[in-house]
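To start, the structure under review is shown below, and the notes come after it.
The values are calculated or read from the model by the stated rules, or taken from the named source; none is laboratory data. None of these values were measured; they are calculated from a predicted model. Note that we place each Cβ from the backbone using ideal geometry, even for glycine, and neighbour counts take in every protein chain shown.
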């Protein structure tokens, strides 16, 4: 990102490294990281604005030098990159600043409204913010979140790829679970588990060019169901779910 800036794949790699190397140190959303990524956003905005727009937004020469001098290669910026906006939104969400994150998620959404991950990110941002004590209108924010969540489900499942459908069902169940509506979460988790056979079948056929390597969410769904049943006192049901989906053969 330092030597080859404004490459979308590098922003994706930054997110992947966070998933694979996450820990308590908080480097992903640390202060220096937030400032560095915001500098990319401001440099991109400055480059793409006309001189009149720069004056209107008060992007003066002093600010420009602090945003662009150390980055260089400004000539490579041809348009706004939704990947960069989404990355900064993810960083803000990791820091718990959901309202600020929505600003950047919606900037990515304007460019790619049919991106399932952008829709999912907006949905979870609304739902997470609704759970905060400072929430202004919890009912409205949950409704907004659910609207984007089901739009994500629609976009993710339209290609009829098993692992995409399974992922969507798991995330739907996880959202209901987070809201405490376990009677709605359980059917979604069950649908996720039922997709496991089809997911494995498509995984076996990937060598023929039908699908890429996939990830089965059946174990995660089984663990969620086990937790729900155990917390409600149904230990026999939790044991059956454990034997069915959480035992390594």
* Filter result for the condition that a residue is modelled with pLDDT under 95 and under 24 Å from the mean Cα position of the chain (by Cα), over 139, 204 -> 139
* **Condition check for residue 172: touching a residue at least 12 places away in the same chain (Cβ under 8 Å), under 15 Å from residue 223 (Cβ atoms) and buried (at least 20 other Cβ atoms within 10 Å of the Cβ)** => no
* So residue 216 fits all but one of (1) assigned to a helix (DSSP H, G or I); (2) at pLDDT below 95; what number is the exception? -> (1)
